[in-house]
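*Asks:* Got a structure here, written out as structure tokens. Questions coming.
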Amino acid sequence: MDPRQLPRSLTDSRRIARGQDLARTAADSAADIFHPLIVIARGLRALAAGAWRKWVETPGDRRGPTLLLVGSCIAIVALVPYGPAFAGIALMTLAAWAGRDRGSAHQTVAREGEGERLQALYEALVPYLSVPEDPAPLYAYDGDREEAFASHAFDHSGRLVSLELRYPAYFTDGEPESRARIEQLLQMKAGRGREYRFDWDEEANRLHLYVLPPLPADIFAQRFVTAPGESVLGFTDPGAVHRTLPVLLDGADRRDEPPVLWRSGQRSTEPHLLVLGRPAAGTSTLLRSLALQALHEGDVVAVDGSGSGEFAFLRGRDGVLAVESSPAGALAALEWATHETERRLLTANHARRQGHQTPEDVRRPLWILLDRPTALSHLAAGEGRTDPQELLQVPLRHGRVANVTVVVGDHLDDAANTSLLAEPVLTHTRARVVLGAVTADQVRSVLGAPPQSTPPPEAPAGRGYARLGSGPVHRMQVPSTPDPYDEDTSERERQAILALLPGPSGAAPTHDPGPPTEDEHPEKAHTPGHPGNEPGPLSIQPT
């Protein structure tokens, strides 16, 4: 249709715009006139909703007296001179107060504060993301931050929670030092006291910063749904792993959480684990959690180098071969573990040569949990004994083939000097966990790679990072597994941990009880048994 044939009212844009302005002005005037009524109506609705909630929450046996009291108050007000008028004025005043617009002024101030924060952050990035040779710098003191910041978000308190920024192509984003400077600056300007994650997109020259929510700290020790050979080290961020596990919370509540799973055994690429952490950071907690999971399908030898008795609750349980805390007992247990590893290798080799299946006692996993080996090494050196860490060389080197898993836990301060940890421990434990309030440099030195998020300002017990071999670094929270014999442990956690333990060991065991305890002449030498036609667990006889 020819536009000249249309009515003039549809083609005259000036009249349309004038009509829209008149309608908008009329609406604004009406809103100003009826604004008090709107506020009072909104307040009455809020008061009515609050009264209804109170009525619903009132027990049934108290509703009758409540109605009687309200009726009495209404009758008294009606009989008092000018009572209804004063009651109406009071009701309107309360409704106006309840229906007032509380967020407009705060939102205006918050928006102004957000602009100031973004401008300060933009100007702080100028020295790092610009060079004098750039004819049109993206970051300049008189530049436009809208071009540099693709998107951003603030929380209700006006703090930055998400930011996506562009950076020039000549920025050296492939150098860790350059990245670290930008990340440190963004963390300081965005606000301390929170954890931030930095995602670098080198292809698009973009950096995405966002605040990480706290990891769940209400998950306690329980039976996890895992495959044979899998152990739960802790729980991480959603989306960091491709699997979730159902976990039981307080009461009967359940939810799915993403776990950090570690596979041990013959099919594992990283069969041994090293756990380092600050004092009271949760290294012993993780070892106790792994011990409870290992007892479902294997045997456990626990060596407590600190001597605090944090593994005493394992004594006398089926599958627990030994719990030692003295240098003599630790040497005897680790010497037995060395001979047991050799026996398993010989037995498995003999079965393969004969064309038979590997015996059951060789296929059964054996876990060696060693807590604070540096303390044991110091005590052993003072007594002129062999360093217990030297006895770990055979289980660490041949443990994957013999189905022997070694978990070593120690304090980060004690292990800061690598000479305190033996060379086999550092070489064969490529699955590692670091716990506690640590810096990014400490995480890099222990795990071999920096974390993708800033360390927490205050780390609860069991909070840290994990890396399995050459995989990514995951931030992690260890399930709460306190010592059930500790006085500070709650009754609920104590019963939950004791319920996970196997029953007491029988009086007449069908297999060898394992290494001798401290009361069975640990100072005497032991010789391994020789596997015969019916290979079985190692028999240790004092010579």
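Nothing in this text is a laboratory measurement; each read-out follows from the coordinates by a stated rule. Because the structure is predicted, anything quoted here is derived from the model rather than measured. Note: ideal-geometry Cβ built from the backbone for every residue, glycine included; neighbour counts use all protein chains shown.
*Asks:* As an exercise, use a Förster radius of 30 Å and the Cβ-Cβ distance of Ser470 and Arg364 to find the FRET efficiency, rounded to the nearest 0.05.
*Replies:* 0.50
*Asks:* If packing is taken as the average count of other Cβ atoms within 10 Å, what order do 490-501, 340-351 fall into, highest mean first?
*Replies:* Final packing ranking: 340-351, 490-501.
*Asks:* Loop-only chymotrypsin sites (Phe, Trp or Tyr not before Pro) in segment 115-166, please: DSSP not H, G, I, E or B, and at most 11 other Cβ atoms within 10 Å.
*Replies:* Of the chymotrypsin sites (Phe, Trp or Tyr not before Pro), the ones in loops of segment 115-166 whose Cβ has at most 11 other Cβ atoms within 10 Å are Tyr141.
*Asks:* While we're on this one: Could you check the spin-label model distance between Glu230 and Leu346? Points 7 Å from the Cα along Cα→Cβ, value in nm.
*Replies:* Calculated label separation equals 3.7 nm.
*Asks:* What fraction of the DSSP beta bridges in segment 358-511 is antiparallel, stated in percent and rounded to the nearest 5?
*Replies:* Rounded to the nearest five, the antiparallel share is 60 percent.
*Asks:* If a paramagnetic tag sat 7 Å from the Cα of Ala46 along the Cα-Cβ line, which residues of segment 147-164 would have the backbone N under 20 Å from that point?
*Replies:* 156-157
*Asks:* Give me the extension gain from Val56 to Leu248: residue separation times 0.36 nm, minus the current Cα-Cα distance, reported in nm with one decimal.
*Replies:* 66.0 nm
*Asks:* Let me ask you something else. Mind giving me the FRET efficiency for Glu423 and Ala280? R0 is 25 Å, r the Cβ-Cβ distance, nearest 0.05 is fine.
*Replies:* Once rounded, the FRET efficiency stands at 0.30.
*Asks:* Figure the gain on full extension for Tyr210 and Arg492 (residue separation times 0.36 nm, minus the Cα-Cα span) and round it to one decimal in nm.
*Replies:* Contour length minus Cα-Cα distance gives 97.9 nm.
*Asks:* Right, next: Taking R0 as 45 Å, what's the FRET efficiency between His398 and Ser157 from their Cβ-Cβ distance, rounded to 0.05?
*Replies:* My answer for the efficiency is 0.20.
*Asks:* Amide H to amide H under 5 Å from Arg317: which residues, 5+ apart in sequence or cross-chain, H placed 1.01 Å off N in plane?
*Replies:* Residues meeting the criterion, in which the H sits 1.01 Å from N, are Ser505.
*Asks:* In square nanometres, what is the average projected area of the Cα convex hull of segment 240-312?
*Replies:* Reported value for the Cα convex hull: 7.3 nm².
*Asks:* Counting only the backbone N, which residues of segment 37-58 are under 18 Å from the spot 7 Å out from the Cα of Ile74 toward its beta-carbon?
*Replies:* 44-45, 47-56
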